[in-house]
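All of the numbers you see were taken from the coordinates with simple rules; none came from a lab. Because the structure is predicted, anything quoted here is derived from the model rather than measured. Here the Cβ positions follow ideal geometry from the backbone for every residue, glycine too, while neighbour counts run over all protein chains shown.
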Amino acid sequence: MIIHSKLPHTETSIFAVMSALAKRYNAINLSQGFPDFAVSKELIDLVHHYMLKGYNQYAPMPGVPELLEAISAKVQKLYKTKLDPDTNITITAGATQALFTAITAFVQTGDEVIVFEPAYDSYVPAIKLNGGHPKYVSLSAPDFHIDWQKVKDLITSKTKMIIINTPNNPGGFVFSKTDMIQLAEITNQTNIVVLSDEVYEHIIFDGLQHQSALKFDELFQRTIAVYSFGKTFHATGWKTGFVTGPADLMSEFRKVHQFNVFSVNTPIQYALADYLENPENYLNLPEFYQTKRDYFVTNLKGSRFKVLPAHGTYFQLLDYSDISNMPEIEFASWLTKEKGVAAIPVSAFYHDKKNQYLLRFAFPKENETLLKATEILRKI
């Protein structure tokens, strides 16, 4: 067979590559972003309860009403935005599916999509699969400041979408209120859809507030915002998330959603609806993860790695330029094979593999795991 690949230059995800390498060399895996501690017993018991109760068949395509209503109440509480459970929210099979569905729903052949780098690695392949053309805004360490005039200069009559990610994976930076206002002004009176990846909305530190697109009325009217229960409740393997948006955009989103997923795990949806009734189940996350971040950073003192600011997500960037001049992918491989700690090269999040001597370490781990890793890193 002659196969004409739709993604001829796309390789296996760096997450899969580094996790496989970590397993092969029995390294501490701080590369892929998943917790190594238990999911809440209460939440697991709720899932089990609904399984035993018989809630095991297809859920409604947009999601079970109880969960849609719980999300609406949560958004009202956090962002003072009123969402109609029937027309403004859809439950998804995780955030990656949500992102792919949103891009597929709106991006057509020849459309341009503005992407901020470093960027989560699913954005660009989805754009290309739908015939779109990514236009890159390259941000640099240590603060990844956005020059909004450069963004404005990239906009043309072909610009269909702008993708933002705050808090940002892998950079750990967060958009400010000023950033969101600038984005709203730039897109005002255009047909540009904003795709706002907010999966780490509750993992934000140092007294900062998450500036959700839902807080800004002009942005909300043109935004599909993406969220993840897996990230929030330490259950990444459940692949359950949701999107919000105005009714006209949500209608288009659901046209695609119904044909690539249709519906999402039923007992988990009912369990999440109950679990959301207690806001402490997500409001305590900033303190919980900031403690993890600080433990990781404190135990790195005395090492030759330089710590970059990390105001959100559960990732910490480290600069190794005082240790080696190897390119990031080579240093990450060496660190895994020779020292037994796996991380992600930040260059993997840039289309041109921009090398800044940075690695991304995931810290949603038990303290014992973090201590073992930092003991190794301090000796390098």
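Of note:
- Pairs of lysine residues in region 107-219 - Cα separation under 12 Å, sequence separation of 8 or more or cross-chain: 5
- The mean sequence separation of alpha-carbon pairs under 8 Å and at least six residues apart, normalised by the residue count of region 260-380, gives a relative contact order of 28 percent.
- Distance (nanometres) between label positions extended 7 Å along Cα→Cβ at Gln209 and Asp352: 3.8 nm
- Computed over neighbours whose Cβ is under 14 Å from that of Ile268, the net charge equals -2, Lys and Arg +1, Asp and Glu -1.
- The ranking of Met61, Met180 by Cβ neighbour count inside 10 Å, starting from the fewest, reads Met61, Met180.
- Cβ crowding within 10 Å ranks Trp334, Trp148, Trp238 as Trp334, Trp148, Trp238, fewest other Cβ atoms first.
- Measuring r between the beta carbons of Glu330 and Phe259 and using R0 = 56 Å, the FRET efficiency lands at 0.85.
- The modelled label-to-label distance for the pair Val307/Asp147, using points 7 Å beyond Cα in the direction of Cβ, is 3.1 nm.
- Taking region 143-178 and a reference point 7 angstrom along Cα→Cβ of Leu129, the backbone N atoms nearer than 20 Å belong to 160-165.
- Per residue, the average separation of C-alpha pairs within less than 8 Å and at least 6 apart gives the chain a relative contact order of 25 percent.
- Over region 55-278, relative contact order from alpha-carbon pairs under 8 Å, at least 6 apart, %: 30 percent
- Sequence of Thr236, Thr166, Thr291, Thr187 once ranked by neighbouring C-beta atoms within 10 Å, starting from the fewest: Thr291, Thr236, Thr187, Thr166
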